[in-house]
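Asks: Provided herewith is a single structure, encoded as structure tokens, for subsequent inquiry.
The values are calculated or read from the model by the stated rules, or taken from the named source; none is laboratory data. Nothing here was measured: the structure is a model prediction, and the numbers come from that model. Heads up, the Cβs are rebuilt from the backbone with ideal geometry, glycines too, and the neighbour counts pull from every protein chain shown. Keep in mind that these areas ignore ligands, DNA and RNA; they rest on the heavy atoms of the full protein, side chains included. Shrake-Rupley method; radii C 1.70, N 1.55, O 1.52, S 1.80 Å.
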Amino acid sequence: MLTTIDLAHWLPVIFAALMVISMFAYVILDGYDLGVGILLELESNTHEKDKMIAAIGPFWDANETWLVLGVGLLLVAFPLAHGVILTALYLPVALMLLGLILRGVAFDFRVKAQAHHQPLWNRLFFVGSLLATVSQGVMLGRYLTGFAPGWGAWGFALLVGASLAAAYALIGASWLIMKSTGALQQRAVVWAQRSVWFAALAAVLVSIATPWVSPRVFDLWFSLPNVFLLAPVPIMSAALFGVIAYSLPKLAQRQRNGNDNFCWIPFAATVGIVLLSFFGLVYSIFPHLVIDQLTIWQAASSTEALLIMFFGAALVLPTIIGYTIYSYRVFWGKAGELSYQ
């Protein structure tokens, strides 16, 4: 039977793990629909734009539930860290919310607007998607530097913001390859072929810059035996980038011949890359919630409060997972025509 000391140790670990799961689910699920929004401006045909929106229409709003869950867990389980992080990230958080609001408004208004106003709402959907994406990347970059001042730290944050936009564009294009057909699917392959190189370059640049801006990460990555334990992460990531780059021309050729088999490979490989990135991130910062300032145990609520919230999370999390699985099962397969009825 667990003692009070055991609970005080393991409950913060459990809630930290739930936060990681929530943010990973958010990056994958909202990442692809933010990516589709970023790619929307590359499509000139209005009917094809509607198909792109239809590919994310049943999911995009519910995908943001994972962001709410992650931030909510941070607030109730680690209030000290919540105060420090949200205070330091006030500006990018505000910009992210502005971007998400623009997306929501544009999504509903674009179909109801008169024809000469629709390009404006399409553009605002793109702007909202890009703004939310870059803001999230800047938030991550600032977090990794421990909110350090100076142009170097902010330059790194902007690099992470641009890198996240490339990653979301890749996962968005990969989603469209799975969910669309015909000309749009062919264009999605082209977008994926372009974005995979930007995403790979961004991954290399961020991997080089991260130990440079964070002494803690440098010491961790390049000490023994960690250098050998972490070596599979970049190797496997490079292999998955190679799988994507190799598979895309093959997919395009098969799809032109009416064969849509293995259209899921680019999306699955991108999910693998994100998973490896999350592993590297968690390995680099654990057990800190605020790098070099607060550990998960220092920032945690009382054991009694965490225990009560644990039972609440045990009810809420399976509900969200079940709803997510159900909605994706209902709307499985290729996206149909866009309908707001």
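Asks: Between residues in segment 288-311 that are under 20 Å from Val84 (Cβ atoms) and residues that are exposed (fewer than 15 other Cβ atoms within 10 Å of the Cβ), which pairs lie under 6 Å by C-beta distance while being six or more apart or on different chains?
Replies: Thr295/Pro287; Ile296/Pro287
Asks: Sort out for me the helices (runs of 4 or more DSSP H) sitting completely within segment 33-138 that have 3 or more residues that are under 30 Å from Val13 (Cβ atoms).
Replies: 65-77, 79-88, 90-112
Asks: Go through the residues of segment 317-333 one by one and say whether even a single one is more than 20 Å from the chain's Cα centre (by Cα), open to solvent by 40 Å² or more (accessible area, probe 1.4 Å) and within 28 Å of Pro12 (Cβ to Cβ).
Replies: Looking through segment 317-333, at least one residue is more than 20 Å from the chain's Cα centre (by Cα), open to solvent by 40 Å² or more (accessible area, probe 1.4 Å) and within 28 Å of Pro12 (Cβ to Cβ).
Asks: Would you check which residues across segment 290-315 are among the aliphatic types (A, V, I, L, M), exposed (fewer than 15 other Cβ atoms within 10 Å of the Cβ) and more than 15 Å from Ala8 (Cα to Cα) and list them?
Replies: Scanning segment 290-315 gives Ala314, Leu315.
Asks: What number of residues in segment 84-119 are more than 14 Å from Met139 (Cα to Cα) and open to solvent by 30 Å² or more (accessible area, probe 1.4 Å)?
Replies: Total meeting the criteria: 14.
Asks: Kindly list the number of the only condition in (1) among the charged types (D, E, K, R); (2) farther than 27 Å from Glu48 by Cα; (3) without any contact (Cβ under 8 Å) to a residue 12 or more places away in the chain that fails for Arg329.
Replies: (2) is the only condition that Arg329 fails.
Asks: Okay, moving on. Please count how many residues of segment 39-49 are modelled with pLDDT of 85 or more and either small (Gly, Ala, Ser) or buried (at least 18 other Cβ atoms within 10 Å of the Cβ) (or both).
Replies: So the answer is 3.
Asks: So, one more: Yes or no: segment 305-325 includes at least one residue that is aromatic (Phe, Trp, Tyr), more than 30 Å from Ala203 (Cα to Cα) and in a loop (DSSP other than H, G, I, E, B).
Replies: Checking segment 305-325: not a single residue is aromatic (Phe, Trp, Tyr), more than 30 Å from Ala203 (Cα to Cα) and in a loop (DSSP other than H, G, I, E, B).
Asks: Something else about it: Would segment 201-211 turn up any residue that is touching a helix residue (DSSP H, G or I) at 6+ places or on another chain (Cβ under 6 Å), crowded, with 24+ Cβ neighbours inside 10 Å, under 26 Å from Leu89 (Cα atoms) and not aliphatic (A, V, I, L, M)?
Replies: Checking segment 201-211: not a single residue is touching a helix residue (DSSP H, G or I) at 6+ places or on another chain (Cβ under 6 Å), crowded, with 24+ Cβ neighbours inside 10 Å, under 26 Å from Leu89 (Cα atoms) and not aliphatic (A, V, I, L, M).
Asks: While we're looking at this one, here's another question. Within segment 259-314, how many residues are under 26 Å from Ser163 (Cβ atoms), hydroxyl-bearing (Ser, Thr, Tyr) and modelled with pLDDT of 90 or more?
Replies: 2
Asks: Looking only at segment 12-38, filter to residues that are open to solvent by less than 10 Å² (accessible area, probe 1.4 Å) and of a type in the set (A, V, I, L, M, F, W, C); which one of those is farthest from Gln118 (Cα to Cα)?
Replies: Of everything passing the filter in segment 12-38, Phe15 is farthest from Gln118 (Cα to Cα).
Asks: Does Gly128 qualify as being surrounded by 14 or more Cβ atoms within 10 Å (Cβ to Cβ) and closer than 21 Å to Ile273 by Cβ?
Replies: Answer is no for this residue.
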